[in-house]
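Worksheet: the structure to be examined is printed underneath.
The values are calculated or read from the model by the stated rules, or taken from the named source; none is laboratory data. No experiment lies behind these values; they were computed from the predicted model shown. Glycine also receives a Cβ, built like all others from the backbone with ideal geometry; neighbour counts cover every protein chain displayed. In case anyone asks, the SASA skips ligands and DNA or RNA and just uses the protein heavy atoms, side chains included. Shrake-Rupley method; radii C 1.70, N 1.55, O 1.52, S 1.80 Å.
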Amino acid sequence: MFLLYEYDIFWTFLIISNAILILAFLIFGVLVPIRKGPKKLSSYESGIEPMGDACLQFRIRYYMFALVFIVFDVETVFLYPWAMSFNVLGVPVFIEAFIFVLILIVGSFYAWRKGALEWS
Amino acid sequence: MDLPGPIHDFLLVFLGSGLILGGLGVVLLTNPIYSTFSLGLVLVCISLFYILSNSHFVVAAQLLIYVGAINVVILFAVMFINGSEYYKDFNLLTIGMALLRWFVQIIWTTRSNQIIEQDLISNSQQIGIHLATDFFLPFEFISIILLVALIGAIAVARQ
């Protein structure tokens with residue numbers, strides 16, 4: 001390709017996978033018959049008549065999980081360059097990364113005990 | 001190696017226009033959830049800008065953290081707002097402020113292009129080596145900061 005030569009295979013994969021999706025939607029958009037009716041336009045609720053409102057109240061549990069996820073995602077971003085340079089560095093660096101992960105495991109134990117990971 | 005001239009310019013214009021459209025979308029859309037998705041577009045464009053500076057690790061890190069974590073948390077915080085409380089008007093003052101900021105930003109941040117050579121060791125490896133040898137004490141302190149942030153956030157959110 002003409003951009004970022006070492007990612008050639010990646011661009012090919014991206015373009016082909018997107019082209020398959022777009023082609024599928026175009027073909028089915030042309031071939032599918034469209035018939036509107038009152039029953040077809042109502043929302044789906046596993047075959048029964050829909051009851052109640054479609055929007056539920058947002059629960060705090062989702063937010064707790066996103067919070068814990070952020071902290072461990074930042075930790076993972078720090079582990080990526082360590083993993084890339086692992087074979088040129090020695091054992092002391094392994095010990096340092098072990099200490100890093102250990103301190104964050106303490107954090108995950110705290111989150112577990114305080115009920116931040118409860119779903120029900 | 002540096003990107004060839006026309007591709008560099010094309011990427012710059014494409015991402016810049018995406019950034020501006022996304023920014024206008026964040027400010028002008030009335031539904032706050034649409035605003036949050038527009039913010040996601042802005043963060044993606046910002047992260048792709050780092051391709052022009054030949055720092056691919058920063059692209060990945062920005063996508064992971066900003067779009068993947070921070071935008072999701074903002075979306076969850078916005079989901080607490082009720083549907084009936086959305087802002088219905090189309091405020092002209094916000095358009096004026098957005099355009100003014102756009103012009104100032106264009107004028108003050110145009111820089112000349114720099115030539116960067118490619119090393120034997122890739123970017124991420126160099127970052128890893130420096131992180132583990134020169135900066136290993138800040139590395140450990142970062143883990144303590146993350147621990148404190150986690151404990152603080154859970155302690156506040158539990159109430």
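Inside segment B:132-146, residues that are facing chain A (nearest Cβ under 7 Å) and open to solvent by 30 Å² or more (accessible area, probe 1.4 Å) make up a count of 3. Here A:E96 fulfils each of the conditions (1) in a helix (DSSP H, G or I); (2) within 24 Å of B:Y66 (Cα to Cα); (3) touching a helix residue (DSSP H, G or I) at 6+ places or on another chain (Cβ under 8 Å) apart from (2).
Being over 19 Å from B:L147 (Cα atoms), facing chain B (nearest Cβ under 8 Å) and among the aliphatic types (A, V, I, L, M) is the requirement here; does A:L104 meet it? Don't jump to the end; show me each part of the working.
Details: over 19 Å from B:L147 (Cα atoms): no; facing chain B (nearest Cβ under 8 Å): yes; among the aliphatic types (A, V, I, L, M): yes.
Against the criterion (over 19 Å from B:L147 (Cα atoms), facing chain B (nearest Cβ under 8 Å) and among the aliphatic types (A, V, I, L, M)), A:L104 does not qualify.
Only one entry in A:Y63, A:Y44 is of a type outside the set (D, E, K, R) and more than 7 Å from chain B (Cβ to nearest Cβ), namely A:Y44. Restricting attention to segment A:6-58, the residues being surrounded by 10 or more Cβ atoms within 10 Å (Cβ to Cβ), part of a loop (DSSP other than H, G, I, E, B) and of a type in the set (D, E) number 1.
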